[in-house]
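Structure, as structure tokens:
Read the figures in this text as sums done on the coordinates, not as results from a lab. Keep in mind that this is a model prediction, so the values were computed, not measured. Note: ideal-geometry Cβ built from the backbone for every residue, glycine included; neighbour counts use all protein chains shown.
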Amino acid sequence: MGRIAGGARQAARQITWYVGTLMGDNHYRRYVELRTRTHPGEPVPTEREYWKLRHAAADANPGARCC
């Protein structure tokens, strides 16, 4: 029984990670990690500022978006 429950928990974690990645839940965390690694000592935008900048950049350069 424990083996099945452990497998179910692992599957649930993987599904949660996948959905979170698709929805952008970890984009800011990854951005902060990259920013601190490539620009140490420089200020890092807040999460709110990050999403504003990201959406403004997408609106300014729509690229290959369908809509």
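Counting 0.36 nm for each residue step from T46 to R13 and taking away their Cα separation leaves a gain of 9.2 nm. Computed over the chain, the P(r) curve from all C-alpha pair distances, binned at 10 Å from the origin, holds 17, 30, 28, 16, 8, 1 percent per bin. Extension gain, A5 to D25, is 4.6 nm, computed as 0.36 nm per intervening residue step minus the present C-alpha separation. Local charge for Y28 was computed over the other residues whose Cβ lies under 14 Å away, with Lys and Arg +1 and Asp and Glu -1, and equals +2.
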